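Asker: Below are the structure tokens for one structure; questions will follow.
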Amino acid sequence: MKFYIETFGCKVNTYESNYIKQSLISSGFLYVNDLEDADIIIINTCTVTNTADSKCKKFVRKVRRENKDSVLVVLGCSVQNNFIEYNNMDIDILIGNQNKNKIPEIIREYLKHPAKYTHYNNNRDLVFEDMEISDFDHTRAFIKIQDGCDNFCSYCIIPFMRGKCRSKEFTKIIEEAKELVKHNHKEIVLTGIHTGSYNYEGKDLVDVINALSEIPGLDRIRLSSVEITELNDKFLEMLKVNHKFCDHLHIPLQAGSDAILKLMNRKYDMNYFFNKIEKIRKIRPDISISTDIIVGFPNETEDNFADTYENAKKLAFSKIHVFPYSKRNGTVASMMKEVSSTEKTNRVHKLFDLSKELEEEYSEKFKGKKVKVLIEEVKDGVSIGHTSNYLKVIIPEKLERNNIYEVIYK
């Protein structure tokens, strides 16, 4: 039978979908790129914002309307957050954020005995669900090393959806990485819901990075995201000596105002953030540091936003991912006074324009210099890839995908 997977949301979802895809293929199912050709349609959902939720629900309804005879499987965070609503839709297999690693066997059982299957558990005390993959459908392969979050930022629904922090067995991460390298993956991205909290029997994130660095053929190790409070002295020492660790960190700031950071229940203030960034740049002066910022958080005044704007400018991020605040029912922030949508939109545009300026300033520093590029895509006679510090490079010739080349950055 033929199956199709649609994935919404984060890198963790992408990893989980890759696991489901690989498991089904190894069980004799055939993956197709067009959902209209599929006997089984799997949708992995996201609930990080209202927009994400709406997109997922709309897509599920459209898929069912246009594919009445297909087996429809819907799973993930949006299901976890809106289970009753999804349960009232015409869905064959409905799963929240537990038993994802059992989806292939659940599908096989459903095909033998077609009866609606649902699984929903609202308990935060979950175990890490093992998923191992040997190949990945991106050039940069992801490994999910951690799940869950205990931070409870006041705006975020994810700790309620993903459960408590839990980590993958240390040796399984290393073995999985070795398998990915055998399939010619030269860069691995470590990902999780709160990746920096990795802790398995005394082994932390730096121990994982250092162990991966010993694998022959693995040229780059990258983090999907890490909190500023987790960049401790051990991490900074690793940054000094580990040349396989990429020259890029994505560190969410979320707000550049101490007053708003406190309302958000973030675990640092601006002084702490500036000091840590200064230490990082002393070790690696040319490192790319990107960030996330939420705009229009409840009670955010013009002065608060001005602080965020000026501090983001001083921090000279290489890119800012700008998100308008999205109310999530059940969070502390959902009970606070909201900023008007007009003001929120204006602030988003201002910060987005700043991001474009900072991106140009950062990339300008490397023009005319030699850079190493991992080729990810070859099409129309050009090769496209990224450097260690995540600069996008387009080379006007056909090169080998999954290989690293040294070129002059233009």
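The values are calculated or read from the model by the stated rules, or taken from the named source; none is laboratory data. For clarity, every value in this text was computed on a predicted model and none was experimentally measured. Methodologically, a virtual Cβ is constructed for each residue, glycine included, from the backbone with ideal geometry; neighbour enumeration extends over all protein chains shown.
Asker: Select from the range 58-105 the residues that are hydrophobic (A, V, I, L, M, F, W, C) and touching a residue at least 60 places away in the same chain (Cβ under 8 Å) and write down the one among them that is surrounded by the fewest Cβ atoms within 10 Å (Cβ to Cβ).
Answerer: Result: I103.
Asker: Name every residue in the range 26-65 that is farther than 17 Å from G76 by Cα and at pLDDT below 95, in order of residue number.
Answerer: Selection gives S26, S27, G28, N33, D34, L35, E36, D37.
Asker: Identify the residue in the range 392-404 that is on the phi < 0 side of the Ramachandran plot and touching a His at 6+ places or on another chain (Cβ under 9 Å) and, among all such residues, is surrounded by the most Cβ atoms within 10 Å (Cβ to Cβ).
Answerer: Among them, the one singled out is V393.
Asker: Can S257 be described as closer than 27 Å to K370 by Cβ, of a type in the set (G, A, S) and at pLDDT 95 or above?
Answerer: no
Asker: Which residue out of K240, K262 is in the same structural domain as V181 (by TED's automatic domain parsing), over 24 Å from E360 (Cα atoms) and at pLDDT 95 or above?
Answerer: K240
Asker: Scan the range 160-169 for residues that are farther than 12 Å from L126 by Cα and either outside the structural domain of I209 (by TED's automatic domain parsing) or surrounded by 19 or more Cβ atoms within 10 Å (Cβ to Cβ) (or both) and report the count. Let's see the steps before the verdict.
Answerer: Here is the first cut: in the range 160-169, the ones farther than 12 Å from L126 by Cα are 168-169.
Checking which are either outside the structural domain of I209 (by TED's automatic domain parsing) or surrounded by 19 or more Cβ atoms within 10 Å (Cβ to Cβ) (or both) leaves us with 168.
The qualifying residues number 1.
Asker: Among the residues of the range 285-314, write down those that are more than 17 Å from E359 (Cβ to Cβ) and under 24 Å from the mean Cα position of the chain (by Cα). Spell out how you get there, then give the answer.
Answerer: First pass over the range 285-314, keeping only residues more than 17 Å from E359 (Cβ to Cβ): 285, 294-308, 310-311.
Listed by number, the residues that qualify are I294, V295, G296, F297, T308.
The rows are residues; the columns are (1) at positive phi; (2) surrounded by 15 or more Cβ atoms within 10 Å (Cβ to Cβ); (3) within 17 Å of the chain's Cα centre (by Cα).
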| position | (1), (2), (3) |
| --- | --- |
| I157 | no, yes, yes |
| E176 | no, yes, no |
| V189 | no, yes, yes |
| I193 | no, yes, yes |
| Y200 | no, yes, no |
| R222 | no, yes, yes |
| N232 | no, no, no |
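Asker: Let me ask something else. Picking from S326, S383, S355, which residue would you name as being farther than 21 Å from L239 by Cα, surrounded by 13 or more Cβ atoms within 10 Å (Cβ to Cβ), not assigned by TED's automatic domain parsing to the domain that holds A259 and not hydrophobic (A, V, I, L, M, F, W, C)? Show your work before the answer.
Answerer: Working: S326 fails: not assigned by TED's automatic domain parsing to the domain that holds A259; S355 fails: not assigned by TED's automatic domain parsing to the domain that holds A259.
None of the other options fit; the residue is S383.
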